[in-house]
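Visitor: To start, I am sharing the structure in question, which I have written as structure tokens.
The values are calculated or read from the model by the stated rules, or taken from the named source; none is laboratory data. All values reported here derive from a predicted model rather than from experimental measurement. Because the Cβ atoms are built from the backbone with ideal geometry, glycine has one as well, and the counts that use them run over all protein chains shown. Note: areas computed on protein heavy atoms with side chains; ligands, DNA, RNA excluded. Shrake-Rupley method; radii C 1.70, N 1.55, O 1.52, S 1.80 Å.
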Amino acid sequence: MPVISVPHDFNEEELYVDLRPTFGHALFLKCEGFNFAGSIKLKAATEMVETAERDGLLKPDSILVESSSGNLGVALSMIAASKGYRFLCVTDSRCNLSTRMMMEALGSQVHIIAGQEANGGFLGARIEYVRALCASDERYVWLSQYTNPSNWKAHYRKTGPAIARQFPELDVLFLGTGTAGTLMGCARYFREWHRPVRIIALDSVGSVAFGGTPGRRMIPGLGMSMRPPLLDESYVDEVIRVEEADTIRACHRLARRGFLFGGSTGTVVSGAMGWLAQHDERELTAVAVAPDLGERYLDTIYQTNWLHDLYGADVLTSDEVAVGPWASSPTPRTQWGRPLDLKNADRNGKRRHQFQRRKTW
């Protein structure tokens, strides 16, 4: 029986959902939403705050400030309340109302950016606001999840080893890409493991994390309007970009089986199922990471009017939700994006050769 005195001391690491009955393909989904912050961001938030404390950056009168689309803001709000710090979250209009209310309930201040920076979108505007704030008052301490190595180190030390303990024969790992903290931490861990693991990054169409043309993105969590400073593509074997409509369909298909997950999870699951539909999965052990649960998305991806206004009335046709874009077919479905095989770019020839020798690919 766990007994804790501070909220960030509890995190469920060993819960997985077998998605084969729901989608028809073998995939184990690691559920990271069962902690008091409700998401995987608790790990990065805890690591960044504790590192800042060890380095002497945080003092009794310090004010934590961070740019966040939601989940990290909640995690930092919880930790700040527990440790007695003040916290200001800088977010934008895409942040879910329930998430903003949760941060405020925990005693944090929330500043919403209304406009977009010319080249960096909402994210660029948020970062510029944080920088100006820190320049105006030395009490503000910006942890900078986008550049802070403690972001990925949290997953190198915790998430990667937790998956390895449960799946010692792991072949493929699917990870969503936002700041790239989870992706880089897990990828670095499995690069040093006793067997090669194929690392597949999931991104949203319209994100420029791996290059490409920027586009509209309305679901917070994954995707970036700039290249993540933490990202090192030499650790990534493939990238799959997922349309937001397919993200929504995956979320609703899970919900109809009783599993309410967030938008990031819908993106990861949709892309993973598309990949598995194109590969011989019979000898593969595949795992995907679900960053959060779905309660914070009730007024967006689970709200009919919001969906119809942004994606059209047919976004959730019964056939799409029942069958989805994941049935086996000889060619990839273009709606969930063209896979990018980064290993074919000769960025890591030695590791690519390892995979070429394995029949499962």
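Visitor: From the list 215, 206, pick out the single residue that is more than 13 Å from the chain's Cα centre (by Cα) and at positive phi.
Guide: It is 206.
Visitor: Quick one: which residue in 201, 209 is of a type in the set (A, V, I, L, M), under 26 Å from residue 280 (Cβ atoms) and in contact with a strand residue (DSSP E or B) (Cβ under 6 Å, 6 or more places away or on another chain)?
Guide: 201
Visitor: Hey, another quick one. Has the stretch 231-250 got at least one residue that is over 13 Å from the mean Cα position of the chain (by Cα), open to solvent by 40 Å² or more (accessible area, probe 1.4 Å), among the hydroxyl-bearing types (Ser, Thr, Tyr) and under 29 Å from residue 37 (Cβ atoms)?
Guide: Scanning the stretch 231-250, I find at least one residue that is over 13 Å from the mean Cα position of the chain (by Cα), open to solvent by 40 Å² or more (accessible area, probe 1.4 Å), among the hydroxyl-bearing types (Ser, Thr, Tyr) and under 29 Å from residue 37 (Cβ atoms), so the answer is yes.
Visitor: Please go through (1) modelled with pLDDT of 95 or more; (2) of a type outside the set (S, T, N, Q); (3) open to solvent by 30 Å² or more (accessible area, probe 1.4 Å) for residue 176 and return the number of the only condition it doesn't satisfy.
Guide: (3)
Visitor: Report whether or not residue 285 is more than 21 Å from residue 11 (Cβ to Cβ) and either modelled with pLDDT of 95 or more or within 16 Å of the chain's Cα centre (by Cα) (or both).
Guide: Yes.
Visitor: Can you tell me which condition residue 38 does not meet? The list is (1) at pLDDT below 95; (2) within 30 Å of residue 173 (Cα to Cα), and all the others hold.
Guide: If we test residue 38 against (1) at pLDDT below 95; (2) within 30 Å of residue 173 (Cα to Cα), just (1) comes out false.
Visitor: Here's a check for you: in the stretch 251-269, which residue that is in contact with a strand residue (DSSP E or B) (Cβ under 9 Å, 6 or more places away or on another chain) and surrounded by fewer than 24 Cβ atoms within 10 Å (Cβ to Cβ) is nearest to residue 221 (Cα to Cα)?
Guide: My answer is 260.
Visitor: What single numbered condition from (1) in contact (Cβ under 8 Å) with a residue 24 or more places away in the chain; (2) outside any loop (DSSP other than H, G, I, E, B) fails to hold for residue 279?
Guide: Of everything listed in (1) in contact (Cβ under 8 Å) with a residue 24 or more places away in the chain; (2) outside any loop (DSSP other than H, G, I, E, B), residue 279 misses just condition (2).
Visitor: Which of the following residues is farther than 16 Å from residue 13 by Cβ, small (Gly, Ala, Ser), touching a helix residue (DSSP H, G or I) at 6+ places or on another chain (Cβ under 7 Å) and open to solvent by less than 20 Å² (accessible area, probe 1.4 Å): 160, 206, 181?
Guide: When all the criteria are applied, what remains is 181.
Visitor: A follow-up question, please. Is it the case that some residue within the stretch 295-317 is within 28 Å of residue 167 (Cβ to Cβ), open to solvent by less than 40 Å² (accessible area, probe 1.4 Å) and part of a loop (DSSP other than H, G, I, E, B)?
Guide: no
Visitor: Further, regarding this structure: Checking residue 56 against (1) outside any loop (DSSP other than H, G, I, E, B); (2) under 27 Å from residue 5 (Cβ atoms): exactly one of these is not met. Which one?
Guide: (1)
Visitor: Return the residue satisfying two criteria in turn: it lies in the stretch 109-128 and is at pLDDT 90 or above and surrounded by fewer than 17 Cβ atoms within 10 Å (Cβ to Cβ), and of such residues it is farthest from residue 73 (Cα to Cα).
Guide: 128
Visitor: How many of the residues in the stretch 174-189 are without any contact (Cβ under 8 Å) to a residue 40 or more places away in the chain and of a type outside the set (Phe, Trp, Tyr)?
Guide: 1
Visitor: Under 9 Å between Cβ atoms, at least 6 apart or on separate chains: pull out the pairs that start in the stretch 1-30 with a residue that is farther than 25 Å from residue 258 by Cβ and open to solvent by 40 Å² or more (accessible area, probe 1.4 Å) and end on any residue that is at pLDDT below 95 and in a loop (DSSP other than H, G, I, E, B).
Guide: Cβ pairs passing all conditions: 9/2.
Visitor: Also: Among the residues of the stretch 47-77, write down those that are open to solvent by less than 10 Å² (accessible area, probe 1.4 Å) and within 27 Å of residue 306 (Cβ to Cβ).
Guide: Hits for the stretch 47-77 are 66, 67, 68, 70, 72, 73, 74, 75, 76, 77.
Visitor: Still on this structure, please answer the following. When residue 220 is evaluated against the numbered criteria (1) over 19 Å from residue 199 (Cβ atoms); (2) over 14 Å from the mean Cα position of the chain (by Cα), which criterion, by number, is the only one it fails?
Guide: (2)
Visitor: Now for a different question. Out of curiosity, is residue 276 surrounded by fewer than 20 Cβ atoms within 10 Å (Cβ to Cβ), in contact with a strand residue (DSSP E or B) (Cβ under 8 Å, 6 or more places away or on another chain) and under 28 Å from residue 158 (Cβ atoms)?
Guide: no
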